[in-house]
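The block underneath contains the structure these notes are about, expressed in structure tokens.
The values are calculated or read from the model by the stated rules, or taken from the named source; none is laboratory data. Not measured: the values here are computed from a predicted model. FYI the Cβ positions are ideal-geometry reconstructions off the backbone, even for glycines, and counts take in every protein chain you see. These accessible areas exclude ligands, DNA and RNA; they are computed on the full protein's heavy atoms, side chains included. Shrake-Rupley method; radii C 1.70, N 1.55, O 1.52, S 1.80 Å.
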Number of protein chains: 4
Amino acid sequence: MMIVMKPEASEAEIAAVAERVEAAGCSAHISRGRQLTVIGAIGERERVQSLGLDGAPGVDHLVPILKPYKLASAQFRAGERSQFEIGERLVGDGQFTLIAGPCTVESRSGTLAVAETVAAGGASMLRGGAYKPRTSPYSFQGLGQEGLRLLQEANELTGLPIVTELIDARDVEDVVEVADVIQIGARNMQNYPLLSEVGRTDRAVLLKRGLSATLEELLMAAEYVLKEGNERVLLCERGIRTHESAYRFTLDLLAIPALQELSHLPVIVDPSHAPGRRDWVESMSLAAAAAGADGIIVEVHDDPDSAVCDGPQAIPAASFDEYAERVRSVAAIAGREVSAPAGMLV
Amino acid sequence: MMIVMKPEASEAEIAAVAERVEAAGCSAHISRGRQLTVIGAIGERERVQSLGLDGAPGVDHLVPILKPYKLASAQFRAGERSQFEIGERLVGDGQFTLIAGPCTVESRSGTLAVAETVAAGGASMLRGGAYKPRTSPYSFQGLGQEGLRLLQEANELTGLPIVTELIDARDVEDVVEVADVIQIGARNMQNYPLLSEVGRTDRAVLLKRGLSATLEELLMAAEYVLKEGNERVLLCERGIRTHESAYRFTLDLLAIPALQELSHLPVIVDPSHAPGRRDWVESMSLAAAAAGADGIIVEVHDDPDSAVCDGPQAIPAASFDEYAERVRSVAAIAGREVSAPAGMLV
Amino acid sequence: MMIVMKPEASEAEIAAVAERVEAAGCSAHISRGRQLTVIGAIGERERVQSLGLDGAPGVDHLVPILKPYKLASAQFRAGERSQFEIGERLVGDGQFTLIAGPCTVESRSGTLAVAETVAAGGASMLRGGAYKPRTSPYSFQGLGQEGLRLLQEANELTGLPIVTELIDARDVEDVVEVADVIQIGARNMQNYPLLSEVGRTDRAVLLKRGLSATLEELLMAAEYVLKEGNERVLLCERGIRTHESAYRFTLDLLAIPALQELSHLPVIVDPSHAPGRRDWVESMSLAAAAAGADGIIVEVHDDPDSAVCDGPQAIPAASFDEYAERVRSVAAIAGREVSAPAGMLV
Amino acid sequence: MMIVMKPEASEAEIAAVAERVEAAGCSAHISRGRQLTVIGAIGERERVQSLGLDGAPGVDHLVPILKPYKLASAQFRAGERSQFEIGERLVGDGQFTLIAGPCTVESRSGTLAVAETVAAGGASMLRGGAYKPRTSPYSFQGLGQEGLRLLQEANELTGLPIVTELIDARDVEDVVEVADVIQIGARNMQNYPLLSEVGRTDRAVLLKRGLSATLEELLMAAEYVLKEGNERVLLCERGIRTHESAYRFTLDLLAIPALQELSHLPVIVDPSHAPGRRDWVESMSLAAAAAGADGIIVEVHDDPDSAVCDGPQAIPAASFDEYAERVRSVAAIAGREVSAPAGMLV
């Protein structure tokens, strides 16, 4: 932490700050410039922050220097990007993971039909929600355990690993039985008990960025999962909240190269929720692939117009093949190949 | 829901939309203007939204007309403002509730000392955190059950009702034993299982607005609590995230009159977290009172410079008396009186 | 304009609103639903808005129905996209316009060298600033007329049309002599006298979106130019201001398909200013091309490390060729070809 | 500027950065911590920024230390707050300036009636717009010179100093003849030629914060005016753009204490434009006064329902007296008195 003193700070004020830093068990390193003095406080960021030096006599402002996350940082792996296996598919570091499927699991026939379509179209994994966080308590909240069973069946049919959301720590055992990847939604990005809970499972975790989360906060949330020993975390950009109301969220694609510099973890993009309209989803999918994303998680529906939830933004199953083909060709220009089962790579 | 058709929409497109609306069990009401046609879809908002009409041929955009919350709406009580009792204090509708205390319960002596100070200074309730949601997994996470016991003791000493945060539904039984008001933090505003859980208790709920939540989303979160039968919900503005980085959050005081128009529920302001600096907290406290808030929840510490968490923003206990006096005088101009125990009102 | 009445609005209140609408010279069209009544006010949007009905007795809220821009709207050209010529290059509707050059014109040798490099690499036009809007009054403000002369020379050397910024209406005559496209910067997007002034020239206008402008406001700014009779307007997304501070601005690529639906005008993306770092500029350039942009305006410098202004974000001239090649290949997948002089198309 | 190196930066990379800093004419000061090295670059901020060190080998990020504004800074007056006279009224440092009047000058009778009412109610100055920046080119753009003449007449009638907006540098001579305070609107906050122009007049300047401007950018804009020798600048908070759409803008009252700490200039609040509804304007006026603002600029209209522009948000002249009385009583609690003509203070 750097403590920037005011230009008019007195010697006594400078000494007082240095003393408080040292009393807190950190060491203070004073640099005198021509216009002002800066005190480097070496020690734990949290510790220095809790000293209340912001607003203390002679102090202008504080500047954190060290990043607060460790296990999630690029430094932790010395700049090497993470790559891991999920259900025999490689994820990260040159691989492009195409996750597709319905927003919500609604019916047996629909789920199995979409699963077969996306498998045939070359998807890497199947997504589908059994537990749904809904803005309104009066909306359909998902099929729950019945939904999990249908996902299991889809996995048995197609071999695709399953990505599904967990919203309540009390359901973790049920979800672990079916999920290869546990999704944590944007609204739960800072639900710390839930993060720790999935950190203690042996399933990979897809962690969505909160609507107003900074990249640093997203990485701190990942740190909660990593700290429990779970190393397979996928970061997911899905749109942030801004002043613009012409679409539901603003997809922040600069987060892709920025997260890839700050962290070794793979970066996935959800191109469906920000536009909220299927005719803009392909445009954002290609943009994400071009920007260097390590994958996409997209909604596909066999009959979008009759979907119970978020139908308007789902890509019709009938056009998935063509869509996947175009995404693959752009991802290739950005230096990535769509990941297939390890077996298939032989 | 109003479906605004494009100026160039054909008769066939208009008829097709109307048919889809009616097929979904709603009724369609067509209004032809000089420049364009609008179709009123009367029925459930969710139902019409799920039709995927946004982007359908001839459709320009959709405009929701009915508000999605019901129990939280001003209409639900025919414009009359809610007033209820918490631990013998009246809250809402002309009362000003001054909630004060430490951010986190850290020690027995500190907690009891602050409790006595704020009680003597005329506070309505005591706040204090036993379970703390922290951005970093390496930060102090609160004393847990030990913290709850100290709050209980503070209540016995001063008679002040207790406001404390719940972050994990699995701790609800412990918290209910001590809390008169269960606080739901900004990061959990859309943690729906948690909202439903506190909705099933007989404790009042103080619900903080999420960092990027709209007022409508805050009221939808309140609806989750109300729907379970718990009528005592306090809405809390605590600062939103914006582009400005000169302070931690932007305190949005326009939310006070706006929420009071949209809803019958009392509106409380947290003036501590947005500035993050104690010398700006009083300024925001007076502003909240002047703007017509139904109360304030403020951090007070007996020795802020040695606080484990958020010390820099706590008001020193030594100056609480004077602070409370100034808040009361401004609240009076805005037509509110600081609420005292019902017995004291006789 | 739709006037949504409160559910509890009385017949007298409904009648009073309808009367005020008609007194203002508009016609009122009353629709009674089961839960509430909506009054359609047919007439000028501005007129109805100025009635002050927001907050009037019985009124819940107002919903504008008609878009406030006309000449910029997709409807104005019946859904056909604009295409026009600038210095013998076609712009819009399937063409991809690659505008490249230095942020600021600094020296004769540098400007001519970059111009030759980007011409050889297939750029459509040359950008370069002679007048620079700078946040600090102490920063270099551009070479002014001397800069314009250098741009003229670069045009004579390469044949590339010139894109350069105007920040003061009093300089319009000087700029018109050199510019094929007059750039209006983000900070001047709502400088209405300046917009009208360039609307009265016969030069094309590249209009950058303001940092917190909505798409509707951008189109209203374009309307100021179009209204004066100038039909050649290029809309430019260059990043908006959000809560995220990991980069200078958040590039909003969803604006591409959204603007292309709302308006017939070409949509250009500036991938340089949002990242503020050259290693992220290519990522955003490819993303913009993949998302369907009608062009890119990118900063290129012969020696970025010694640039007076914004050097850190400029692409080195030495790597422009390879960069342009990759942009072109992605644009091709999105169905666009890089525009060359009309003569060259034969 | 502090240059924070990556933990893994090599000695060669550290040396290379230090060399580039010194080659640019700044001095480099290397501090080695246990985890990373920080290089202090002492010299002009602009110069170091233009080196393009962000993204250079071994560099993690750059942290500016010195504030970029000088004349506007609190340090420039050694912590003493500015106070100056405008038309015999004192402004700043304990004075509360109540500026009131119509949004737009529409008619002779209306303007004079409002002027008399606000003068009688104790207003310090009269506001009124002759030139209006309007989002739509089809809206009423103000009476121009005719409007200025009516303001002159209102000044002669009441003695109130005149506050009026300038939007085009070419009109500066006309405006100077009438205005005691030239208003620069939010949309023109970064119109640098306009700022320099009013900096060269001898009229005070009321500078509104842009919709997405940071406090630092507002102070940099003030610096443009101050740099020309004009010392009488009033900063004005008028609401920023955020994700919330329940009101037109989010009034950011934390800007009051923050600007008062960063700068010696008086801070005025416009409580009318953010709510956009008169029933919320009083709430925000009292909040601004309570938060310690040095004044308010509020819209008052003799017949708001027939106003041509922004009528819905104007306070009716008939209730101005009572409104002003309440504002004064809250301002008094915040330690300010409403400024009256110097003569009247005797």
### Test for residue D:100: is it more than 12 Å from chain C (Cβ to nearest Cβ), buried (at least 22 other Cβ atoms within 10 Å of the Cβ) and touching a Cys at 6+ places or on another chain (Cβ under 6 Å)
no
### Task
From (1) within 13 Å of chain B (Cβ to nearest Cβ); (2) open to solvent by 10 Å² or more (accessible area, probe 1.4 Å), pick out the condition that doesn't hold for residue A:203.
(1)
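Looking at D:92, D:122, D:79, D:55, which one is in contact with an Asp or Glu (Cβ under 6 Å, 6 or more places away or on another chain) and either within 14 Å of chain C (Cβ to nearest Cβ) or surrounded by fewer than 20 Cβ atoms within 10 Å (Cβ to Cβ) (or both)?
D:55
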### Residues located in region C:222-251, provided they are touching a residue at least 12 places away in the same chain (Cβ under 8 Å), more than 23 Å from residue C:298 (Cβ to Cβ) and in a loop (DSSP other than H, G, I, E, B)
C:228, C:229, C:230, C:231
### Query
If we keep just the residues of region B:244-255 that are hydrophobic (A, V, I, L, M, F, W, C) and more than 7 Å from chain D (Cβ to nearest Cβ), which is least open to solvent (accessible area, probe 1.4 Å)?
B:255
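Collect the residues in region D:277-294 that are within 11 Å of chain B (Cβ to nearest Cβ) and either open to solvent by less than 10 Å² (accessible area, probe 1.4 Å) or in contact with a strand residue (DSSP E or B) (Cβ under 9 Å, 6 or more places away or on another chain) (or both), keeping them in residue-number order.
D:281, D:282, D:284, D:285, D:286, D:287, D:288, D:289, D:290, D:291, D:292, D:293, listed by residue number.
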### Summary
Counting only residues in region D:84-119 that are in contact with a strand residue (DSSP E or B) (Cβ under 6 Å, 6 or more places away or on another chain) and either polar (S, T, N, Q) or free of Cβ contacts under 8 Å to residues at least 24 places away in the same chain (or both), the one farthest from residue D:311 (Cα to Cα) is identified as D:97
### Query
Cβ-Cβ below 7 Å, separation at least six or inter-chain, first residue in region B:309-329 and within 8 Å of chain A (Cβ to nearest Cβ), second open to solvent by 70 Å² or more (accessible area, probe 1.4 Å) and modelled with pLDDT of 95 or more: which pairs?
none
### Query
open to solvent by 20 Å² or more (accessible area, probe 1.4 Å), of a type in the set (D, E, K, R) and modelled with pLDDT of 95 or more: does that describe residue B:156?
yes
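Would you check if residue C:108 is charged (D, E, K, R), open to solvent by 50 Å² or more (accessible area, probe 1.4 Å) and within 8 Å of another protein chain (Cβ to nearest Cβ)?
No.
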#### Entry: Residues located in region C:252-283, provided they are in contact (Cβ under 8 Å) with a residue 60 or more places away in the chain, farther than 24 Å from residue A:241 by Cβ and in contact with a Phe, Trp or Tyr (Cβ under 9 Å, 6 or more places away or on another chain)
C:263, C:264, C:266
### Query
So is residue A:17 without any contact (Cβ under 8 Å) to a residue 40 or more places away in the chain, of a type outside the set (Lys, Arg) and open to solvent by less than 10 Å² (accessible area, probe 1.4 Å) or not?
no
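If I ask for residues that are on the phi > 0 side of the Ramachandran plot and open to solvent by less than 10 Å² (accessible area, probe 1.4 Å), which ones from region A:20-51 would you list?
Here is the first cut: in region A:20-51, the residues on the phi > 0 side of the Ramachandran plot are A:25, A:43.
Those that are on the phi > 0 side of the Ramachandran plot and open to solvent by less than 10 Å² (accessible area, probe 1.4 Å): none in region A:20-51.
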### Task
Looking only at region B:206-237, count how many residues are more than 12 Å from chain A (Cβ to nearest Cβ) and under 14 Å from residue A:136 (Cα atoms).
1
#### Entry: Output for region B:160-181, where each listed residue is open to solvent by less than 40 Å² (accessible area, probe 1.4 Å) and away from chain A (no Cβ under 14 Å)
B:160, B:161, B:162, B:163, B:164, B:176, B:178, B:179, B:180, B:181
### Message
Among the residues in region C:275-283, are any among the basic types (Lys, Arg) and in a helix (DSSP H, G or I)?
### Response
yes
### Query
Taking strands (runs of 3 or more DSSP E) that fall entirely within region B:18-132, which contain at least 1 residues that are modelled with pLDDT under 95 and hydroxyl-bearing (Ser, Thr, Tyr)?
B:27-32, B:37-42
#### Entry: Odd one out for residue D:141 among (1) more than 28 Å from residue C:68 (Cα to Cα); (2) open to solvent by 30 Å² or more (accessible area, probe 1.4 Å)
(1)
### Message
Exactly one of these conditions fails for residue C:136: (1) without any contact (Cβ under 8 Å) to a residue 24 or more places away in the chain; (2) over 22 Å from residue C:230 (Cβ atoms); (3) open to solvent by 30 Å² or more (accessible area, probe 1.4 Å); (4) within 14 Å of chain D (Cβ to nearest Cβ). Give me its number.
### Response
(3)
### Query
What residue, of D:290, D:221, D:204, is modelled with pLDDT of 95 or more and closer than 30 Å to residue B:326 by Cα?
D:290
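Look at residue A:263 and say whether it is open to solvent by 10 Å² or more (accessible area, probe 1.4 Å), within 15 Å of the chain's Cα centre (by Cα) and modelled with pLDDT of 95 or more.
On the way: open to solvent by 10 Å² or more (accessible area, probe 1.4 Å): no; within 15 Å of the chain's Cα centre (by Cα): yes; modelled with pLDDT of 95 or more: yes.
Answer is no for this residue.
Can we say residue B:62 is within 29 Å of residue A:280 (Cα to Cα), surrounded by 17 or more Cβ atoms within 10 Å (Cβ to Cβ) and free of Cβ contacts under 8 Å to residues at least 60 places away in the same chain? Lay out the reasoning, then the answer.
Working: within 29 Å of residue A:280 (Cα to Cα): yes; surrounded by 17 or more Cβ atoms within 10 Å (Cβ to Cβ): yes; free of Cβ contacts under 8 Å to residues at least 60 places away in the same chain: no.
No: the conditions fail for residue B:62.
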